[in-house]
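Below you'll find the structure, written out as structure tokens, and then a few comments.
The values are calculated or read from the model by the stated rules, or taken from the named source; none is laboratory data. Here the structure is a predicted model, which is why all the values come from computation and not from measurement. Note: ideal-geometry Cβ built from the backbone for every residue, glycine included; neighbour counts use all protein chains shown. Heads up: the accessible areas ignore ligands, DNA and RNA and are worked out on the full protein's heavy atoms, side chains in. Shrake-Rupley method; radii C 1.70, N 1.55, O 1.52, S 1.80 Å.
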Amino acid sequence: MVGLLSGAILAGLTGCAATSTGADPLNATVAALVDSHRTYPRWEDFPATPTDLPSASVVAGEVATLNVTGGSLTGEVARLDWTLSDPDAYVAAVMARVAAARIAPATARTRAEIDAIADDLRERGRAPPPIARR
């Protein structure tokens, strides 16, 4: 029994040693891929610094233009009347639009009607009582 166990262990160790020697063709492929990428990334592969950047005075002028435009927009927003002058009239107008819209019959059902339909479906889905055996 001990001889059989030591033979199995020796066979397992031999198999591990055989795969670590590099005889596997996959090892050569992996090693070639790793070696080809050892020097990546290189500084030459990065994009060059752009040379067509605008000068600081051009950027400052564009910022000033944006500030002026933003100030005029703020003034226009401040002049808007944001309050609702007659909320009751607005509510009445919305309710009239809702009442004029056609809705599906299923949407008009009340909660009680929906519960009644659900109860009816549950009752119809109930299993019949078992048949008495003779």
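Rolling a 1.4 Å probe over the protein chains gives Leu84 an accessible area of about 100 Å². Each of Asp88, Asp24 has its accessible area taken with a 1.4 Å probe; listed largest first, they run Asp88, Asp24.
Model label points for Glu76 and Ile114, set 7 angstrom from Cα along the Cα-to-Cβ axis, are 4.5 nm apart. Sequentially through the stretch 48-53, phi angles give Karplus couplings (6.51, -1.76, 1.60; θ = phi - 60°) of 6, 5, x, 9, 9, 6 Hz, Gly and Pro residues having no value and appearing as x. Along the stretch 78-91 the Karplus relation, 6.51 cos²θ - 1.76 cosθ + 1.60 evaluated at θ = phi - 60°, assigns HN-Hα couplings of 5, 7, 5, 8, 8, 9, 8, 6, 9, x, 5, 5, 5, 4 Hz to successive residues, with x for each Gly and Pro. Extension gain for Leu66 to Ala100 (0.36 nm times residue separation, less C-alpha to C-alpha distance): 7.6 nm.
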